[in-house]
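The values are calculated or read from the model by the stated rules, or taken from the named source; none is laboratory data. These numbers were taken from a predicted model, which means no experiment stands behind them. Note: ideal-geometry Cβ built from the backbone for every residue, glycine included; neighbour counts use all protein chains shown. Quick note on the areas: whole protein, heavy atoms, side chains included, nothing else; ligands and nucleic acids left out. Shrake-Rupley method; radii C 1.70, N 1.55, O 1.52, S 1.80 Å.
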Amino acid sequence: MIAYIVRRALYVVPILIGVNLFTFGLFFAVNTPDDMARLQLGVRRVTQEAVDKWKAEHGYDKPMFYNGRTEGVKRVTDTIFFEKSVRLFVFDFGNADDGRSIRNAILTRMWPSLALQLPVFLVGLAVYLSFALLMAFFRATYIDFWGVVLCVAMMSISSLFYIIGGQYVFSKVWNLVPISGYAGGPDAFKFLVLPVVIGAVSGIGSGARWYRTIFLEEMGKDYVRTARSKGLAETTVMFGHVLRNGMIPILTGVVVVIPTLFLGALIMESFFGIPGLGSYTIDAIQAQDFSIVRSMVFLGAVLYVLGLLLTDISYTLADPRVRLE
């Protein structure tokens, strides 16, 4: 197990290098440092002197990958790529284009993202499993048929419909909750209850249908037929055998999602005005702030790879027959 974890941890390095190179190349293929300077200065007829000054202040006046004007190691270290991307490997995120610390912003904004995403994750998981078990228990009946139809219909509806519709009905028409905003402490409940409900409801279609497929696959296996032949009640078979063994693939899919909870939901946070990492990323993309964008992409890559590693480990804990080599 330890050797496998170490080996997988070493695999992270080339993956993150590739992500860094791809993000760096893609961003500068769209924007040059001059374009970034003019956008940040916000002046239509800005002078070249002002552009050069902005580039010098933010470190964009250096060569991209190789600096032939210096000697020794500085030919590689005194470049935009090293200053803006390589330092991410020690989690040195630097400052945004407005001078604010990205690290402090991440540490501050991760809590509103968790306050939103964690309830959505837990409530959604409970609803999806319950609905999937109901359809599997009444398989090949009208309950199962119309349940699948409902899932397909909900999968076909954009999440924006749930967000806009929920804001219109519950905030504007019925005036039950604020339409947007956020507050700390206990007051956060009234701002988060609607996004949490919408987040859970919008995922019922895909989540319940996937879990239903897992349960039906388990119900067709030999050990389930053996349990039924022994005279066990259908509820005992479902909850004592099917649910327990079906949790193995469900667990592996759930664990990989947990690290990404820190990044928040981009669309949800933007529409509801929640100051989390999702809205932070959207604002950075709109402002063409490369420093924030590459930091969030790097952090997302780290969390995703960590989630995959946790998935493999959780699979071995859930099923002792699996051995990692």
Checklist outcome for this item: Going through (1) among the polar types (S, T, N, Q); (2) at pLDDT 90 or above; (3) open to solvent by 80 Å² or more (accessible area, probe 1.4 Å) one by one, ASN95 fails only at (2)
Checklist entry - Is it true that LYS190 is closer than 14 Å to PRO119 by Cβ and either of a type in the set (D, E, K, R) or more than 24 Å from the chain's Cα centre (by Cα) (or both)? => result yes
Checklist entry - Does TYR223 qualify as being open to solvent by 50 Å² or more (accessible area, probe 1.4 Å), of a type in the set (Phe, Trp, Tyr) and without any contact (Cβ under 8 Å) to a residue 24 or more places away in the chain? => result yes
Next on the checklist: Condition check: of a type outside the set (A, V, I, L, M), crowded, with 19+ Cβ neighbours inside 10 Å and in a helix (DSSP H, G or I). Does GLY253 satisfy that?
Outcome noted: no
Item to check | Matching residues in the stretch 22-51 - criterion: being out of contact with any helix residue (DSSP H, G or I) (no Cβ under 9 Å at 6 or more places or on another chain), among the small types (Gly, Ala, Ser) and part of a helix (DSSP H, G or I) | outcome: GLY25, ALA29
Checklist outcome for this item: With the first residue restricted to the stretch 8-23 and required to be more than 13 Å from LEU309 (Cβ to Cβ), and the second required to be assigned to a helix (DSSP H, G or I) and open to solvent by less than 80 Å² (accessible area, probe 1.4 Å), Cβ contacts under 6 Å at 6 or more apart or on different chains are LEU16/ALA301; VAL19/ALA301; THR23/ARG294; THR23/VAL297
Next on the checklist: Taking the criterion of being in contact with an Asp or Glu (Cβ under 8 Å, 6 or more places away or on another chain), modelled with pLDDT under 80 and open to solvent by less than 50 Å² (accessible area, probe 1.4 Å), would at least one residue in the stretch 234-248 satisfy it?
Outcome noted: yes
Item to check | Number of positions in the stretch 256-278 that are on the phi < 0 side of the Ramachandran plot and either open to solvent by less than 30 Å² (accessible area, probe 1.4 Å) or not in a helix (DSSP H, G or I) (or both) | outcome: 13
Next on the checklist: When you scan the stretch 104-112, do you find a residue that is over 24 Å from VAL302 (Cβ atoms), of a type in the set (S, T, N, Q) and open to solvent by 70 Å² or more (accessible area, probe 1.4 Å), even just one?
Outcome noted: no
Next on the checklist: For the stretch 63-87: of the residues being of a type in the set (Gly, Ala, Ser) and in contact with a helix residue (DSSP H, G or I) (Cβ under 7 Å, 6 or more places away or on another chain), which is modelled with the lowest pLDDT?
Outcome noted: GLY68
Checklist entry - Which condition does GLY68 not pass, out of (1) closer than 28 Å to VAL13 by Cβ; (2) within 22 Å of the chain's Cα centre (by Cα), if it passes all the others? => result (2)
Checklist entry - Looking at this structure, is LEU88 under 30 Å from ILE198 (Cβ atoms) and either open to solvent by less than 40 Å² (accessible area, probe 1.4 Å) or without any contact (Cβ under 8 Å) to a residue 12 or more places away in the chain (or both)? => result no
Checklist entry - If you check LEU150, LEU160, LEU116, LEU125, which single one turns out to be open to solvent by less than 30 Å² (accessible area, probe 1.4 Å), outside any loop (DSSP other than H, G, I, E, B) and touching a residue at least 12 places away in the same chain (Cβ under 8 Å)? => result LEU116
